[in-house]
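Reviewing the structure listed below.
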Amino acid sequence: RTTDSEPGGGIFLQLTGGAVAQHSPRPPGSQEEGMNDVQEMIKTEKSYPERRLRGVLEELSCGCHRFLSLADKDQGHSSRTRLDRERLKSCMRELESMGQQAKTLRAQVKRHTVRDKLRLCQNFLQKLRFLADEPQHSIPDVFIWMMSNNKRIAYARVPSKDLLFSIVEEELGKDCAKVKTLFLKLPGKRGFGSAGWTVQAKLELYLWLGLSKQRKDFLCGLPCGFEEVKAAQGLGLHSFPPISLIYTKKQAFQLRAHMYQARSLFAADSSGLSDPFARVFFINQSQCTEVLNETLCPTWDQMLVFDNLELYGEAHELRDDPPIIVIEIYDQDTMGKADFMGRTFAKPLVKMADEAYCPPRFPPQLEYYQIYRGNATAGDLLAAFELLQIGPAGKADLPPINGPVDVDRGPIMPVPVGIRPVLSKYRIEVLFWGLRDLKRVNLAQVDRPRVDIECAGKGVQSSLIHNYKKNPNFNTLVKWFEVDLPENELLHPPLNIRVVDCRAFGRYTLVGSHAVSSLRRFIYRPPDRSAPSWSTTVRLLQGCRVLCNGVPSSHPTGEVVVNMEPEVPVRKLETMVKLDAVRAEEEKEKRKKKGSPLLWFWPGLKGPMKGKEKAKAAKEEKKKRIQSPGPGQASEAPEKKKPKIDELKVYPKELESEFDNFEDWLHTFNLLRGKTGDDEDGSTEEERIVGRFKGSLCVYKVPLPEDVSREAGYDPSYGMFQGIPSNDPINVLVRIYVVRATDLHPADINGKADPYIAIRLGKTDIRDKENYISKQLNPVFGKSFDVEASFPMESMLTVAVYDWDLVGTDDLIGETKIDLENRFYSKHRATCGIAQTYSTHGYNIWRDPMKPSQILTRLCKEGKVDGPHFGPPGRVKVSNRVFTGPSEIEDENGQRKPTEEHVALSALRHWEDIPRVGCRLVPEHVETRPLLNPDKPGIEQGRLELWVDMFPMDMPAPGTPLDISPRKPKKYELRVIVWNTDEVVLEDDDFFTGEKSSDIFVRGWLKGQQEDKQDTDVHYHSLTGEGNFNWRYLFPFDYLAAEEKIVISKKESMFSWDETEYKIPARLTLQIWDADHFSADDFLGAIELDLNRFPRGAKTAKQCTMEMATGEVDVPLVSIFKQKRVKGWWPLLARNENDEFELTGKVEAELHLLTAEEAEKNPVGLARNEPDPLEKPNRPNTSFIWFLNPLKSACYFLWHTYRWLLLKLLPLALLLLRLALFLYSVPGYLAKKILGARARHPPGSGTPPFFLWS
């Protein structure tokens, strides 16, 4: 638009590597503007912000639809790379999803959900910005350099995608064909940090980037009223832009900048304050406001007038799109140049010469402008800007400028009356309570501090604390001053709190300061007594029942009766409670939404029933109630209800967040000192805190309402702070109950920690180092600590968790700090939680030294409430509320005595319903506090569950602390007898015969004790899947009934110093295996029984099915801890190739649970050993080891394989044997018969001898 022809300097444009591509989602400018509008409407409490947000979401949904329709037409473009195509598909998917979500979200926007939905819209905005950035560089960016003596002084970079021209409106760059204001910055490293935030020059340029064929449109966006100066006609010169533009139409204007005030500015001085002034830039002129010393919330109340401004273009264009105004805030230093504090931009309200200066447009209203320092916010500016056209008559037609009202301010002109806020007389009452934790100033301790309060040029000083160490509280509590404040509460100036130390020789040293940016929460609004408070009454009537003691009873008009259902008093029971050591994820989500009740380590407290047990018990109870007495039977007395168990309320966060930081009347203001750190410095506001001021404010219009001053006991010296307690030192017994820690940050190289508790309160430092818990990130401490403290000197309690180390110092894991003083004096009564029931004995014994009736009487007296009026029995009246409840209490001996404590406790639990003074009282609770480490700011190191009781020493001494120590596990012994198996799959093939068989044995263990697993002997060569064992397992273990967990303590490794405790579910695992001698055993199937709830075993093997283990059949569940002895058949399952369960066997077992004492009285032997041995199983003869009995194996092989053949061959062999013998003897027999052989007589013998032959 303009060039400098001098050889030494000028402006030139350069194209360099940049990023842009077609069909990227357009940067979300309109959505961002709409969301800023919604934020501004919420901030200024304008009506119907939800309508504007719905419009923004509707526009987003329509924009996504338009993008999808355009991109869908151009998907098959030939010039696109694969990256372009894939990115386009990704953008289309994201925007389609975003459009649907925006459409759904639009229907959910309500008045009470605007803030939450606005945060979701911010996510849409961030996603759109991410999608709008092109990952592939295709067109270079535009650089504008400012030169001086051929040296580059400053530059500005404009993304090419913002300048790209397109005939499609959605693809048109946001700055294309527009006059754009650019701010040049320093190049190189000098442009980073605070030095780069200052503006080197301001330029107004008209930029256009497009295709050559579209060059005819390059001047389409210029303001009207110009003439082109073209170069001489030559080769192609007609296609180039003109050499220069001459504007023939210009308008004369006057700018009036009404600089009223700023708040929450950047602290540029070491004192924590600044000396701010504002510099206003418009076109080629600039002016400054006056400098206000030592403040972060300056009220300039000054009008800056810019005369003789010449703007070029048509009048209507200037009216619709005027040039922007730049406002920069600086800190004036006595030495050196002013320090930059922040910058903001504004557009003036334009009045043309033919317009009337009258409502609704004029005079302009003051608006807030966000001040930015780099990318961070640095305060707000309250100002108004108007641009007035000077007509033909000159300045006479302009609204008159009033002269300076205050002569002392010299030529400074104040903001005109029509623009400045309408002021009213207010009174600001200040409660000076005390100062806490003041740090040293210039290496000297603070000894005699004082607090100065200032607002709108007026203020008040507190009394002087003569000795800060002995008593940091003020003697005079309440002071006030009157000041003129705007009637519009949004325009109230900030209130400054400064603490100075009064030192020797009349010197005053600033300790720290605090700026209360908004006084709205301290404004007193008198109640509208003319309108009846029907909302509370209706809510109570809907939620409670009218008292009717058997017959209809009437009560005076205006009374609201709250009937508490009489309950059987809770008696001391042998009971336990379930609470997992590691919180379940579902339980976490529930407790995030609301505080969940928790039954903690009450001595002998019974845990609630679970799941099906509870449903079953409810059904039985219902049957009992339905059953009526039989004919002729007298109606018996109603059965006693089951005693109710008291529960502690668990808050998933700090107690302060539930009760507004206990700032119902006493507030805490952090005192700051030092410069505010920039992003690169890494400093935080916590590092600037040098102390705390405790007090309060009350702002109201004068005169004081008559109904307040006429109240009984009104003390004018206390103003609106009637009935506050004394701030004299008081001795208190503080009792800290530390329950457990969760999700601790690991402190050792093994990923674990050895945590223990450390308590610090004043000079008391307790380290429970001896009771550290080894290798735990979720330790259960169950400790209570008693500490005596003196308020206010010792009021900040620090509970820390340290990691114990064998060598070296212990490491801090995290700590949490609790301001006990605010709790002690709060009207919510956070000294000791209100119990659910009043009991004089048992686990839930009343802990407070004051009984409920005494507490109720005290609250009524302090709040000037009518009551309490007890009577008739079981009834108490407080104000216009009547509470009922049980009128008797049961002592330790079972004797019932009359008492008023139950109805008094009922009134305390509904104290928030009492008109005018009612508030929610803190119940018995456990709060969950985050643990933080100063070396890792902002990162949570874990969470700590605890509660704190406080008892004044001048009251009766409280009882002994509750025993919340973790329960110790009880020793048990589980005896498991494996009798038989059946239908076991056959895995092996016989080597000789090829038959299927298995060598079955059963393995069992308790979960967590796998190294102590036990095996039966092997049933060899089972051909039918049947196995006989008669084998006994013995499993001793430690069990926590409250948590239903087995406790195991063991060393992780041989180098471990201590044993680590594990809590695991009580589960018995039974597995069936096939034994192999020369290879690994084959797994066949298993079942895991939860000892607290497992299916009842089948009576026979046929009745045992796979569905018993999969849960497909409704099988009654049993608990071994209740039934003690269970016997039956259970299925064994395994996964097949399709990853589906299949039945692989059945096992008959008997489970017997005994305590350690019972097991010692009745000992049994392991396996089949003494004492009480089991009989040997009656197994088939085939059950033996083959290679150890080769002859027996061969005989079995032959007989089992060829027995029918052998039976056939045996008679045949006998027959053949007889035939062989016959053939052998036949020849001799035939010779005898045929030849007739005879014996011969020897010579000389007498009688011839006889010879027998056969």
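Below are the figures for this structure:
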| item | result |
| --- | --- |
| Dipole magnitude of the stretch 40-121 about its Cα centre (Cβ charges: Lys, Arg +1; Asp, Glu -1), debye to nearest 20 | 220 |
| With every protein chain in place, the stretch 155-232: carbon and sulfur % of accessible area (1.4 Å) | 54 |
| Cα→Cβ-extended label distance, 7 Å offset, between Glu59 and Asp1172, nm | 8.3 |
| Under the Karplus curve 6.51 cos²θ - 1.76 cosθ + 1.60, θ = phi - 60°, whole-Hz ³J(HN,Hα) for the stretch 510-516, x wherever Gly or Pro sits | 6, 8, x, 9, 8, 10, 8 |
| Filter on Lys178/Lys213; Lys1007/Lys1146; Lys180/Lys250; Lys479/Lys701; Lys127/Lys174; Lys971/Lys1161 - keep pairs with C-alpha separation over 26 Å | none |
| Point-to-point label distance, His466-Ala201, nm (Cα→Cβ direction, 7 Å offset) | 6.8 |
| Peptides ranked, highest mean first, by Cβ atoms within 10 Å: ranges 801-813, 938-950, 755-767 | 938-950, 755-767, 801-813 |
| Difference of contour (0.36 nm per residue) and Cα-Cα distance, Thr1105 to Lys250 | 298.1 nm |
| Sequence of Cys1104, Cys288 from largest to smallest accessible area, 1.4 Å probe | Cys288, Cys1104 |
| Solvent-accessible area, 1.4 Å probe, carbon plus sulfur percent, for the stretch 799-903 | 48 |
| Among 511-524, 1153-1166, the order from most to least packed when residues are scored by Cβ within 10 Å on average | 511-524, 1153-1166 |
| Relative contact order of the stretch 389-501, defined on C-alpha pairs under 8 angstrom at six or more residues apart (%) | 29 |
| Contact order relative to length of the stretch 868-987, as percent, for alpha carbon pairs under 8 angstrom and 6 or more apart | 12 |
| Those residues of the stretch 742-757 whose amide nitrogen sits under 18 Å from the label point placed on Trp1057, 7 Å along Cα→Cβ | 746-757 |
| Filter on Lys470/Lys861; Lys202/Lys230; Lys439/Lys675; Lys151/Lys202; Lys649/Lys877 - keep pairs with C-alpha separation over 22 Å | Lys470/Lys861; Lys202/Lys230; Lys649/Lys877 |
| Cα gyration tensor shape for the stretch 292-407, rounded if a/c is under 1.5, else prolate or oblate | prolate |
| Zero-based 10 Å bins, Cα pair distances in the stretch 705-807, whole percents | 13, 30, 20, 15, 11, 8, 3, 0 |
| For the stretch 880-1029, projected area of the alpha-carbon convex hull averaged over all directions, nm² | 23.8 |
| The stretch 972-1078, relative contact order in percent, only Cα pairs under 8 angstrom and at least six apart counted | 33 |
| Dipole magnitude (debye, nearest 20) for the stretch 392-515, charges at Cβ of Lys, Arg, Asp, Glu | 740 |
| GluC sites (Glu not before Pro) within the stretch 861-914, DSSP loop, no more than 14 other Cβ atoms inside 10 Å | Glu892 |
| Contour excess over end-to-end distance, with Cα ends at Gln214 and Glu489 and 0.36 nm allotted per residue | 93.6 nm |
| Average silhouette area of the stretch 53-178, convex hull of alpha-carbon atoms, in square nanometres | 10.9 |
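The values are calculated or read from the model by the stated rules, or taken from the named source; none is laboratory data. Because the structure is predicted, anything quoted here is derived from the model rather than measured. When we count neighbours, we look across all protein chains shown, and the Cβ atoms used for this are built from the backbone with ideal geometry, even at glycine. These accessible areas exclude ligands, DNA and RNA; they are computed on the full protein's heavy atoms, side chains included. Shrake-Rupley method; radii C 1.70, N 1.55, O 1.52, S 1.80 Å.
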